[in-house]
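Below: one structure, written as structure tokens.
The values are calculated or read from the model by the stated rules, or taken from the named source; none is laboratory data. Treat the numbers as computed from the prediction; the structure is a model and nothing was measured. No Cβ is skipped: glycine too gets one built from the backbone with ideal geometry, and neighbour counts run over all protein chains shown. Ligands, DNA and RNA are excluded from the accessible area calculation, which covers all protein heavy atoms including side chains. Shrake-Rupley method; radii C 1.70, N 1.55, O 1.52, S 1.80 Å.
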Amino acid sequence: MVAWSSRGRDPEANPMTRHCTLMFSLALAFALGTTASSAEAAHPTCSQSFAITNVRVFDGDKVIAKATVLVVDDEIAAVGPKVKIPQGTPTIDGAGATLMPGMLDSHAHAWQRGDLERAAQFGVTTEFDMWSDLAFIQAMTAEQKSTGAPDRADVFSAIHPATITEGYPYNWTPDVIESPTVDSPQGAKKFVKDRIKEGANHLKIMIEDGTLTGPPIPVLSDATIAALTKEAKKRGMLSMAHITKQAPAFSAVDNGVDGLVHVFVDELATAQFVELAVAKGIFVVGTLGAEEAFITTDGGAAIIADPDLGPYLTELEKEYLLSPAPPSVLTLENLQIAEDNVLALHDAGVPILAGTDLATHGVSIHRDLELLVDAGLTPTEALVAATSAPADAFGFGDRGRIAPGLRADLVLVDGDPTTDILATRAIRKIWKLGVEVERALP
């Protein structure tokens with residue numbers, strides 16, 4: 001797993017009000033006789049030390065009613081009701097607001113840098129991508145390592161999904177030869193090794209027979225799925241499956257995937273499936289907003305009408321939100337089935353993660369949180385689904401929580417989203433690695 005390591009600091013050892021770590025890197029490089037580029041890689045961002053006082057904190061797991069959070073450079077230095085603020089440190093009064101971790105979207109598809117910039121504008125500081133372009137992901141990975149990319153969300157990707165020739169999603173482009181594919185268990189080892197060599201963070205396995213949206217299409221065999229998950233586990237790589245129906249979900253879980261990146265919508269989860277999911281220790285990304293978008297544009301219209309979100313949308317994003325999905329057999333009854341399945345799995349102890357799977361990056365996570373609450377999760381449980389739960393599921397211990405030594409990826413919102421989930425939309429400020437993300441109306 002790829003993760004940024006946390007580095008402990010004594011917040012009182014350096015009372016400077018502004019730390020430009022790039023300048024520190026250059027000075028360090030001069031002193032040690034190393035190159036500037038190597039120093040930049042060690043200290044990627046230019047960030048500001050500051051403190052947020054009198055603020056309610058949702059730390060990723062629980063609520064602290066009133067606290068001070070001290071940020072030094074790119075990390076959280078201290079959290080609590082009696083934090084000592086070094087003299088001269090700028091302070092932000094958080095009275096009436098809640099500080100929460102930067103959100104993690106557990107099912108995204110980023111194809112250009114602008115997608116990641118838009119994600120950050122709405123409080124999403126990390127995206128777990130499920131299919132993208134190799135050159136783009138490699139460029140973004142290099143940028144994250146060299147500068148920290150403080151103006152956009154981080155991205156960690158599966159890059160190429162595992163699917164059979166002319167299987168989903170390549171069935172949508174029959175005139176184009178899509179690759180790579182894997183057509184037998186014998187091809188699993190090379191497929192996984194190639195993805196790791198490309199820099200993929202996790203493995204996505206497509207198990208989709210196409211019948212919900214059109215005619216049947218080829219699908220991976222159980223033996224191939226088992227071979228893929230075995231090879232991934234051998235190399236310390238998470239594997240997760242795209243499914244939309246319960247029968248393929250059974251197959252995926254039984255054959256060793258670590259998670260499902262959708263909840264199935266065709267029928268209510270059986271007791272046998274829930275028991276299997278618990279026994280295997282999987283996680284599930286609900287993607288309720290994406291499933292809603294396949295049925296109705298009402299959710300998109302509600303985002304546009306929202307007084308906190310709507311003004312920040314571009315015209316293209318509004319067009320996406322109001323665009324009808326391709327024809328399918330899905331109805332609002334299927335959305336209710338999906339919500340019921342999320343609640344049943346959650347109540348059994350299966351971690352539920354928030355994920356959008358939509359072209360409207362960042363903004364759609366807020367609708368997904370709302371639908372998780374509609375499904376029966378509490379607002380606090382929905383916030384966990386977008387913060388600590390994905391951090392735990394994907395193995396990123398440096399983010400998703402507000403605690404000393406972790407990344408200063410933070411979102412300050414007016415109100416209390418732990419009692420009213422819509423309060424996540426009233427964004428006051430966003431920081432990534434301690435650097436404020438400048439929000440601007442289109």
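Points worth noting:
Rundown of residues vs (1) of a type outside the set (Lys, Arg); (2) at negative phi; (3) open to solvent by less than 60 Å² (accessible area, probe 1.4 Å), yes/no style:
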residue	(1), (2), (3)
138	yes, yes, no
165	yes, yes, no
175	yes, yes, no
204	no, yes, yes
213	yes, yes, yes
233	no, yes, no
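- On inspection, residue 408 fails the criterion of being over 14 Å from residue 99 (Cα atoms), in contact (Cβ under 8 Å) with a residue 12 or more places away in the chain and among the small types (Gly, Ala, Ser).
- Of the residues making up the range 140-163, those that are open to solvent by less than 20 Å² (accessible area, probe 1.4 Å), in contact with a strand residue (DSSP E or B) (Cβ under 7 Å, 6 or more places away or on another chain) and not in a helix (DSSP H, G or I) are 153, 154, 155, 156, 157, 158, 161, 162, 163.
- Note on the range 39-131: enclosed strands (runs of 3 or more DSSP E) holding 1 or more residues that are crowded, with 22+ Cβ neighbours inside 10 Å and over 16 Å from the mean Cα position of the chain (by Cα) are 46-48, 50-58, 63-72, 75-80, 97-101.
- The range 230-247, residues that are among the small types (Gly, Ala, Ser) and without any contact (Cβ under 8 Å) to a residue 24 or more places away in the chain: 247
- Residue in the range 167-179 that is in contact with a Ser or Thr (Cβ under 6 Å, 6 or more places away or on another chain), farther than 29 Å from residue 334 by Cβ, part of a loop (DSSP other than H, G, I, E, B) and not basic (Lys, Arg) present: no
- Matching residues in the range 135-167 - criterion: being more than 16 Å from the chain's Cα centre (by Cα) and closer than 23 Å to residue 260 by Cα: 160, 161, 162, 163, 164, 165, 166, 167
- The set of residues from the range 237-289 being surrounded by fewer than 23 Cβ atoms within 10 Å (Cβ to Cβ), assigned to a helix (DSSP H, G or I), among the small types (Gly, Ala, Ser) and touching a helix residue (DSSP H, G or I) at 6+ places or on another chain (Cβ under 6 Å) comprises just one member, 251.
- Selected residue (only one of 434, 362 is in contact with a helix residue (DSSP H, G or I) (Cβ under 8 Å, 6 or more places away or on another chain) and buried (at least 24 other Cβ atoms within 10 Å of the Cβ)): 362
- Residues of the range 296-328 that are under 18 Å from residue 439 (Cα atoms), open to solvent by 70 Å² or more (accessible area, probe 1.4 Å) and not in a helix (DSSP H, G or I): 307 alone.
- Filter result for residue 370 (within 15 Å of residue 425 (Cβ to Cβ), touching a Ser or Thr at 6+ places or on another chain (Cβ under 6 Å) and either among the charged types (D, E, K, R) or surrounded by fewer than 23 Cβ atoms within 10 Å (Cβ to Cβ) (or both)): no
- Residue 399, sole failed condition from (1) basic (Lys, Arg); (2) assigned to a loop (DSSP other than H, G, I, E, B); (3) open to solvent by 10 Å² or more (accessible area, probe 1.4 Å): (3)
- Enumeration of residues in the range 177-198 that are open to solvent by 40 Å² or more (accessible area, probe 1.4 Å), closer than 30 Å to residue 117 by Cβ and not acidic (Asp, Glu): 179, 196, 197
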